[in-house]
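Q: Structure incoming, see below.
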Amino acid sequence: LLNAFEGERPRVWIKRDPVLHRWGLVGAKVRVVEGNAIQLPPSLLRPMGADFDGDTIMVFRSIPGQDETEPPLPSEIAFDEVLQRCLYYPGKQYTYGIHLLQQSQDRISRLNQDLTALGAPCWPVSQQAKAALEQWSKAAAQQLEREGQWWATVEKHSLEALADNPGMDLGLWPEAEWNQRDVVSCGAVKPEVFADFKPGSEAYHAYRGESLAVYTSGNADPNGSSAKDTIDVVMVTAAKSTGHFGNVPRRFLYAAKKLNADFVLYVHALSELANQQILSVKVGTGGLDFKTFNKYVFDPLAKGQEIERDVPEAVQTFLNTPGIREVCARIKKLVYPETEVPAWLQWLRRPSKLGEILMKAEGNCIELPLDDPRVRPFLAKRSGA
């Protein structure tokens, strides 16, 4: 590949399935390394849902029909304008490295010297490690002249600090001490794992050497508590729901008063976060199933109605995602109330009901907005264009 471009480092497209949002298909510069594995910068792992257990990353020089489109680098699309957050920043052991780094004023000074030399924002002080990472990444992602080297610099300093304690004090602690450990309190591990650390949770039984208890007859552990078969209860359920969620954007598009870029962004943000939640199975808890989402979120929003206050826990968790309530409020304002959906949009929603719609329409006629992008494909098919 490099020979084909005379030794230059070309931009390529990389992706890891399933691609749940536009940050799952991004550009990268190629560099040859030893071995047979593709190496990714740590800051790219989170939005791509990638880790180090044999994930497959696909590389494309170009995309069919987009040969002239240069892949956008992660630094160029780092900021989510809708949810006002940065998608790219390192996690896990890098977060713990930041925790150690922040305990040394000398290390903070050296990090800021390197960041300042690159034109990057300085490191925020007096913050929990994960919160500091999120704050700095958000500030960096909003800079006009941002560079990927900024994130690489943070990763480098984090690893240098992590070298002081690469084991992160992990070990067989007494159960009551889990939440008191620095590796937990600094945000380096998923807090959900320890929030429900009790009989019946996957983490609890794994810690006690009872990982296979969930697969025994009756899904009961040796002490008689109920433990879930996470493959059956969580992963299979999530896989079934994924297909239904893929249809959510299309259904919302046929509810909008006006189809524009802002509305598409809001709908995609809603759909992307819903997909991420149903696939968040590694903590051993069930996600958001489609029937529940449809009843409490999609149905009322598509009809221009308010979302109920009393909703199931999974829906509440979804709605508590930073920025998602604002997204829902914006979508609600941009869709037709159920009683005001025009006849032409009713037809597009249910083409097979055309006869019934015409019978109810004034003068048994439907007026089509020819400039609406939802109408043009139908007209093109009939004109042979």
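Just so you know, all these numbers are worked out from the coordinates, no wet-lab data involved. These numbers come from a predicted model, not from an experiment. Positions of Cβ are backbone-derived with ideal geometry, glycine not excepted, and every protein chain shown enters the neighbour counts.
Q: Work out the charge dipole of region 1-123 with +1 on the Cβ of Lys and Arg and -1 on the Cβ of Asp and Glu about the Cα centre, then indicate which of Pro90, Asn112, Ile14 is farthest towards its positive end.
A: Asn112
Q: Next question, about the same structure. Using label points projected 7 Å from each Cα along Cα→Cβ, tell me how many nm separate Glu338 and Ala37, to one decimal.
A: Result for the modelled spin labels: 5.3 nm.
Q: Write down the Kirkwood hydrodynamic radius of region 69-120, to one decimal in angstroms, obtained as one divided by the mean of 1/r over all alpha carbon pairs.
A: 13.4
Q: Also: Mind listing P(r) for region 110-166? All alpha-carbon pairs, 5 Å bins, whole percents.
A: 4, 19, 29, 29, 14, 4, 1, 0
Q: Could you pull out every residue, at least 5 positions away or on a different chain, whose amide H is within less than 5 Å of the one on Arg85? Hs are placed 1.01 Å off N in the peptide plane, and Pro or chain starts have none.
A: Correct list: Asp80.
Q: Would you work out the relative contact order for region 1-122, in percent, from Cα pairs under 8 angstrom that are 6 or more residues apart?
A: 25
Q: Residue by residue through region 34-51, what is 3J(HN,Hα) from phi via Karplus (6.51 cos²θ - 1.76 cosθ + 1.60, θ = phi - 60°)? Round to whole Hz and write x for glycine and proline.
A: Each residue's phi maps through the Karplus curve to give 6, x, 10, 9, 7, 9, 10, x, x, 5, 7, 5, 4, x, 8, x, 9, 8 Hz.
Q: For region 31-186, what is the relative contact order in percent, using Cα pairs closer than 8 Å and at least 6 residues apart in sequence?
A: 27
Q: Would you kindly derive the ³J(HN,Hα) couplings of region 101-110 from the backbone phi angles with the Karplus curve 6.51 cos²θ - 1.76 cosθ + 1.60 (θ = phi - 60°), listing them in order in whole Hz, with x for Gly and Pro?
A: Karplus values, whole Hz, x for Gly and Pro: 4, 6, 8, 10, 5, 5, 5, 4, 5, 5.
Q: Extending each Cα 7 Å along its Cβ direction at Glu145 and Asp114, get the distance between those two points in nm, one decimal.
A: 2.1
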